[in-house]
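To start, the structure under review is shown below, and the notes come after it.
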Amino acid sequence: MRATFRNLYDQFNMAAFIRDRRTHATSVLRWALILVPMAAAVGTLCAAFLWSLDAVTRLRFAFPWLLYLLPIGGFVVGLLYHLTGRSVEGGNNLIVEQIHEPGGGVPLRMAPLIFFGTVVTHLFGGSAGREGTAVQLGGSLASGFGRALRLDAEATRTLLMTGIAAGFGAVFGTPIAGAVFALEVLAIGRVEYRALVPCLVAALVGDWTCLAWGIHHGVYHVDALVPVDALLVAKAGVAGIAFGLTGLTFAEANHALGGWLKRVIPYGPLRPVIGGLAVIALVWLLGTRDYLGLGTLAATPDSLTIASFFGPDTHSWSWALKLLFTVVTLSAGFKGGEVTPLFFIGAALGNALAPMFGVPSGLFAAIGFVALFAGAANTPLACTFMGIELFGAAYAVPIAVACFVSYLCSGHNGIYLSQRVAVPKVPAAHLTPDATLRDARTHRASRRRTRA
């Protein structure tokens, strides 16, 4: 026995063990000194951004005539990007590309440009979101930190991911979803776990900083108490098909209309002018302003917001109208993002489907809120966590089922064309290893032309 313990002692290299632990502790401390101030800066910018959005939205409510300046505001932002920011017009796709293949980095000027552009969009009534701005703020600041600290390519890559996590977690108040989103959005079928802890730390610090500035996020309640049984899960799965196909429709309509406008109107600053005029025309034709802006605040008590779909009233076509307004706005080049409009569309579609399935509208609104985004962004894990963070764990199973079914039904499509296909959802011989969604879309277009 004594010989056995002696052999174990001889085999155990105490010096190497201490050296490894010291190296690990030094690395953790180094990353903490980088991540905490970076995420706090992102959280602070997101707090200022959310405050600004609230202020300009209320200003638009007070002065409805601001809508008629939407084409002018779009032209100003388009011209600003044309003159100074053409290299950052890729937005979220540029950040994803830089994470996959670090090169020139993300220009620091992306932060003020996207901040200003999004505030202008919401001041004059464009139907856009806020996640794009938060992600670009985080990516831009993270890239700036990386350049200032002269980090190598791999460390910069990780830092960009943490910037996404900090921005997403701060702007929506969902740090777990923010961390997972940053890991999952890069490639379909692959999650980069080596950046899990840094992303979680960044998302938490970003969210806590945003809250410390007095920012409060919207709260949505699912008042219904429905037992989670096999029938409810099956209904959520069937509804997930509708959410996935609607997410696919949104993404493809946005890309198709945006591509057509670029071909027809090569001069970038003019495209938002046309888009702004189209939004004004839609308001006049439909006689409502409910589908402008984020959809989180109401101009009047009877106006529609995301919270409206959690109530007992059914709104059959609100999802389609919001989809139309948002596609026209974003494809024309207005800044903001797709996610909050997707929340609106998903909640509205869930509200419309609820009577058909015999379930409370609030429950299906909650499921649609996250499931449609799961299909459009190909991030089912992040959206499942978001559903749990926002609505509690009671309905975690139907939320997860709807998110994963939606993800499967959206195919190799999505709102982020730089997203790579690491593991195809279905066998696809035409997809080369690590092909992007842009490659998949180009292949589908060429195949349609060949058939024609």
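Read-outs: derived from the displayed coordinates by stated rules, not from any lab. Note that the structure is predicted; figures quoted are calculated from it, not measured. Cβ atoms come from the backbone with ideal geometry, glycine included; neighbour counts cover every protein chain shown.
I need the calculated FRET efficiency for the pair Leu408 and Trp65, taking r as the beta carbon distance and R₀ as 41 Å, to the nearest 0.05.
The pair Leu408/Trp65 has a calculated efficiency of 0.35.
For the residue pair Thr300 and Leu211, what label-to-label distance in nm results when each label sits 7 Å from Cα along the Cα-to-beta-carbon direction?
Taking the two extended label points, one gets 3.7 nm.
Highest mean first, how do 229-241, 330-342 rank when packing is the count of other Cβ atoms within 10 Å averaged over residues? Write down the numbers at each step before the final one.
Working: 229-241: 17.4, 330-342: 26.5.
The densest-packed peptide leads the list: 330-342, 229-241.
Checking the a/c ratio against 1.5 first, then a/b against b/c, what shape does the Cα gyration tensor give for segment 257-322? Could you put the intermediate results ahead of the total?
Values: a/c = 2.82, a/b = 2.45, b/c = 1.15.
Cα axes put segment 257-322 in the prolate bin.
With the cut-off at 1.5 for a/c, could you classify segment 236-289 from its C-alpha gyration tensor as rounded, prolate or oblate?
Oblate, since a/c reaches 1.5 and b/c is not below a/b.
Going by alpha carbons, how many degrees (0 to 90, nearest 10) lie between the helix axis of 153-172 and the longest principal axis of the chain?
50
With +1 on the Cβ of every Lys and Arg and -1 on the Cβ of every Asp and Glu, and nothing else charged, how large is the dipole of the chain about its Cα centre, in debye rounded to the nearest 20?
It comes to approximately 1180 debye.
For the chain, find the longest principal axis of its Cα atoms and tell me its angle to the long axis of helix 361-377, 0 to 90°, nearest 10.
70
Would you please classify the overall shape of segment 230-421 from the alpha carbon gyration tensor, given that a ≥ b ≥ c denote the square roots of the eigenvalues, rounded means a/c under 1.5, and beyond that prolate means a/b larger than b/c while oblate covers the rest?
On the way: a/c = 2.30, a/b = 1.39, b/c = 1.66.
It comes out oblate by the Cα gyration axes.
Determine one quarter of the surface area of the Cα convex hull of the chain, which equals its mean projected area, and express it in nm² to one decimal.
For the chain, the mean projected area of the Cα convex hull comes to 26.7 nm².
Under 15 Å Cα-Cα from Lys322, which aspartates and glutamates qualify once same-chain neighbours fewer than 8 residues away are excluded?
Asp290, Glu338
Restricting attention to the alpha-carbon atoms of segment 340-452, what are Rg (one decimal) and Dmax (integer), both in Å?
Here Rg and the maximum Cα pair distance are 16.0, 50 Å.
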